[in-house]
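Asker: Below you'll find the structure I mean.
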Amino acid sequence: MSDKGLRPETLAAHALKPVDAATGAVTPPLYLATTYARDADYRPKLRENYVRSGNPTLWQAEEAIAALERGRAALLFPSGMAALTTVFETVPQGGHVVAPDVMYYGTRAWLKRLERLGRIRLTLFDAATPGALEAALRPGETDVVWIETPLNPTWDVIDIAAAASAAHAAGAILAVDATATAAVTTQPLSLGADIVFHSATKYLNGHSDVLAGALVTATEDARWAELQLLRTKSQAPLAPFDCYLLMRGLRTLFLRYRQASANALALARHFEMHPKLERVLYPGLASHRGHAVAARQMRDGFGGMMSLLVRGGFADAQRLCTSLRVIVPATSLGGVESLAEHRKAVEGPESPVPDNLVRLSIGIEHVDDLAADLEQALCVL
């Protein structure tokens, strides 16, 4: 099946290919072999003949994700951290990296580690301050600008096109963590980004049973070749069975994401003025400081991620999480089930996240059940 002219919903539903050419199977085949025989002339029958370099199940999953992002190619890794740390391995020794000061705490911790080791120079900027990203750049020195949008867990929104323009003017590339938008509502490459990152554990898989990371590139350039080399030699590709599960989840991506987005918007509006809350952080609310950019940049819903600032402090936020009966107090996001997480307890005392912030990953349950659960938990406070 050619992806030309087909809408992304169709590409996702078929995991790019409607039937297996060899058997006619309507689900993607699973190839578990680690090595592949050569032909009578000792030529590889496939483009690679050892699983560390590739596997037919891996290739289909990568091609499907690249097609959804309208990218040139994709690489799948056995975790999100494996994928993003490999990007930073391509930064020259002492190279300059720019990133938001509030973002996924694993990324921030890794960047600070590289800075402590003298491996990179790091500048963190306040994404809520106009012009802060541009001020953080060092023309001719900055190598990678790394952003998330919306930012985890405040859900502030960064203008991808403006960030790409600023990064390129400084001689840097722009890499975008698009985990929260999942190729459904925003395609960063079309807005000027060079590399897109996904924690594919989250929305792309959507069933909380696969650990995976993905990189997608706009251009198969020298950096991409280095990323391929690093994945082959120092990391590992995603295992075939995990690729199979990832594609199984990918086939319902648009349905899941749209339902989660609709639920989250309804809940955000319902609880926006709740007396037990200081604020609801959700880019779909007109009151959110990033709403105007989000409305322009997120074409098909505002996603299922939101945060609540509880009136009170650390203990009150944690009590809200443990008082929930339908929403599960657990780490992660993007699954069919709704999750609540007290971020400060997870990230630790050095985290810039407010003590009273509870992050919600809204799933596909009936929205009335989710609202009632939040209501009863807030009544406990």
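The values are calculated or read from the model by the stated rules, or taken from the named source; none is laboratory data. Worth saying up front: this structure is predicted, and the values here are computed from it rather than measured. Backbone-built Cβ (ideal geometry, glycine too); neighbour counts: all protein chains shown. Remember, those area values only see protein heavy atoms, side chains included, never the ligands or the DNA or RNA. Shrake-Rupley method; radii C 1.70, N 1.55, O 1.52, S 1.80 Å.
Asker: Within the set of pairs 6 or more residues apart or between chains, which connect a residue that is touching a residue at least 24 places away in the same chain (Cβ under 8 Å) inside segment 32-50 to a residue that is open to solvent by less than 100 Å² (accessible area, probe 1.4 Å) with Cβ atoms less than 7 Å apart?
Answerer: Sorted first by the residue in segment 32-50, then by its partner, the pairs are Leu32/Pro240.
Asker: Against the definition (under 24 Å from Val293 (Cβ atoms), in a helix (DSSP H, G or I), hydrophobic (A, V, I, L, M, F, W, C) and open to solvent by 10 Å² or more (accessible area, probe 1.4 Å)), how does Ala262 come out, yes or no?
Answerer: Taking the combined requirement at face value, the residue satisfies it.
Asker: Just checking, which of Val91, Val26 is closer than 16 Å to Ala12 by Cα and either basic (Lys, Arg) or assigned to a loop (DSSP other than H, G, I, E, B) (or both)? Please lay out each step first, then the result.
Answerer: Numbers: Val91 fails: closer than 16 Å to Ala12 by Cα.
Result: Val26 is the single residue among Val91, Val26 that is closer than 16 Å to Ala12 by Cα and either basic (Lys, Arg) or assigned to a loop (DSSP other than H, G, I, E, B) (or both).
Asker: Report, by residue number, each residue of segment 280-311 that is on the phi > 0 side of the Ramachandran plot and at pLDDT 95 or above.
Answerer: The one that is on the phi > 0 side of the Ramachandran plot and at pLDDT 95 or above: Gly303.
Asker: Scan segment 51-61 for residues that are open to solvent by 10 Å² or more (accessible area, probe 1.4 Å), part of a helix (DSSP H, G or I) and in contact (Cβ under 8 Å) with a residue 60 or more places away in the chain and report the count.
Answerer: Number satisfying all stated conditions: 1.
Asker: Looking only at segment 207-242, count every residue that is touching a Phe, Trp or Tyr at 6+ places or on another chain (Cβ under 9 Å), assigned to a helix (DSSP H, G or I) and not basic (Lys, Arg) and tell me the total.
Answerer: 1
Asker: Six or more apart or on different chains, Cβ atoms under 9 Å: show the pairs whose first residue is in segment 311-326 and closer than 9 Å to His342 by Cα and of a type in the set (Ser, Thr, Tyr) and whose second is open to solvent by less than 50 Å² (accessible area, probe 1.4 Å) and assigned to a helix (DSSP H, G or I).
Answerer: That search, which allows pairs on different chains as well, returns nothing.
Asker: Out of the residues in segment 1-23 that are among the charged types (D, E, K, R), part of a loop (DSSP other than H, G, I, E, B) and touching a residue at least 12 places away in the same chain (Cβ under 8 Å), which is most open to solvent (accessible area, probe 1.4 Å)?
Answerer: Let us first name the residues in segment 1-23 that are among the charged types (D, E, K, R), namely 3-4, 7, 9, 17, 20.
Adding the requirement that they be part of a loop (DSSP other than H, G, I, E, B) leaves 3-4, 7, 17, 20.
Keeping just the survivors that are touching a residue at least 12 places away in the same chain (Cβ under 8 Å) gives 3, 17.
Details: Asp3: 52, Lys17: 85 Å².
Residue satisfying both the conditions and the ranking: Lys17.
Asker: Given the options Leu84, Leu32, name the one that is assigned to a loop (DSSP other than H, G, I, E, B) and farther than 26 Å from Leu255 by Cβ. Break it down into steps so the answer makes sense when it comes.
Answerer: Values: Leu84 fails: assigned to a loop (DSSP other than H, G, I, E, B).
Unique residue meeting the criteria: Leu32.
Asker: Looking only at strands (runs of 3 or more DSSP E) that fall completely inside segment 269-357, which ones have 1 or more residues that are open to solvent by 30 Å² or more (accessible area, probe 1.4 Å) and of a type outside the set (S, T, N, Q)?
Answerer: Numbers: elements: 277-281, 305-310, 339-342.
Here the list reads 277-281.
Asker: Another one. Going residue by residue through segment 66-73, is there one that turns out to be open to solvent by 50 Å² or more (accessible area, probe 1.4 Å) and not basic (Lys, Arg)?
Answerer: Taking segment 66-73 and keeping what is open to solvent by 50 Å² or more (accessible area, probe 1.4 Å), we get 70, 72.
Next cut, not basic (Lys, Arg) only: none.
Scanning segment 66-73 turns up no residue that is open to solvent by 50 Å² or more (accessible area, probe 1.4 Å) and not basic (Lys, Arg).
Asker: Also, I was wondering about something else. Given the options Val216, Val157, name the one that is under 15 Å from the mean Cα position of the chain (by Cα) and either closer than 27 Å to Gly54 by Cβ or open to solvent by 30 Å² or more (accessible area, probe 1.4 Å) (or both). Before you say what the answer is, go through the steps one by one.
Answerer: Working: Val157 fails: either closer than 27 Å to Gly54 by Cβ or open to solvent by 30 Å² or more (accessible area, probe 1.4 Å) (or both).
Among Val216, Val157, only Val216 is under 15 Å from the mean Cα position of the chain (by Cα) and either closer than 27 Å to Gly54 by Cβ or open to solvent by 30 Å² or more (accessible area, probe 1.4 Å) (or both).
Asker: Would it be correct to say that Met81 is under 17 Å from the mean Cα position of the chain (by Cα), closer than 29 Å to Asp143 by Cα, of a type outside the set (Asp, Glu) and open to solvent by less than 50 Å² (accessible area, probe 1.4 Å)? Don't jump to the end; show me each part of the working.
Answerer: On the way: under 17 Å from the mean Cα position of the chain (by Cα): yes; closer than 29 Å to Asp143 by Cα: yes; of a type outside the set (Asp, Glu): yes; open to solvent by less than 50 Å² (accessible area, probe 1.4 Å): no.
The answer is no for Met81.
Asker: Name the residues in segment 165-179 that are open to solvent by 10 Å² or more (accessible area, probe 1.4 Å), outside any strand (DSSP E or B), within 13 Å of Trp146 (Cα to Cα) and aliphatic (A, V, I, L, M), would you?
Answerer: Ala166
Asker: Something else about it: Which condition number in (1) among the small types (Gly, Ala, Ser); (2) in contact (Cβ under 8 Å) with a residue 24 or more places away in the chain; (3) out of contact with any Cys (no Cβ under 8 Å at 6 or more places or on another chain); (4) outside any loop (DSSP other than H, G, I, E, B) is the one that Ala109 fails?
Answerer: Status for Ala109: all satisfied but (2).
Asker: A follow-up question, please. So, in segment 112-146, exactly how many residues are of a type in the set (D, E, K, R), assigned to a helix (DSSP H, G or I) and in contact with a strand residue (DSSP E or B) (Cβ under 8 Å, 6 or more places away or on another chain)? I'd like the intermediate steps shown before the answer.
Answerer: Start the filter on segment 112-146 by keeping residues that are of a type in the set (D, E, K, R), which leaves 112-113, 115-116, 119, 121, 126, 134, 138, 141, 143.
Subset that is assigned to a helix (DSSP H, G or I): 112-113, 115-116, 134.
Checking the rest, the ones that are also in contact with a strand residue (DSSP E or B) (Cβ under 8 Å, 6 or more places away or on another chain) come to 112, 115.
Count: 2.
Asker: Looking at segment 360-377, I want the residues that are in contact (Cβ under 8 Å) with a residue 40 or more places away in the chain and have a partner that is surrounded by fewer than 14 Cβ atoms within 10 Å (Cβ to Cβ) with Cβ atoms under 8 Å, at least 6 apart or on another chain. Which pairs are those?
Answerer: If the second residue must be surrounded by fewer than 14 Cβ atoms within 10 Å (Cβ to Cβ), the pairs left are Asp373/Arg325; Gln376/Arg325; Ala377/Arg325.
Asker: Here is a follow-up. Got a number for residues in segment 228-252 being of a type in the set (A, V, I, L, M), in contact (Cβ under 8 Å) with a residue 12 or more places away in the chain and surrounded by fewer than 23 Cβ atoms within 10 Å (Cβ to Cβ)? So that I can check it myself, show each step before the final result.
Answerer: As a first pass, look at segment 228-252 and keep what is of a type in the set (A, V, I, L, M): 229-230, 236, 238-239, 245-247, 250.
Those still in the list that are in contact (Cβ under 8 Å) with a residue 12 or more places away in the chain too: 230, 236, 238-239, 245-247, 250.
Still in the list and also surrounded by fewer than 23 Cβ atoms within 10 Å (Cβ to Cβ): 230, 236, 239, 245.
Total meeting the criteria: 4.
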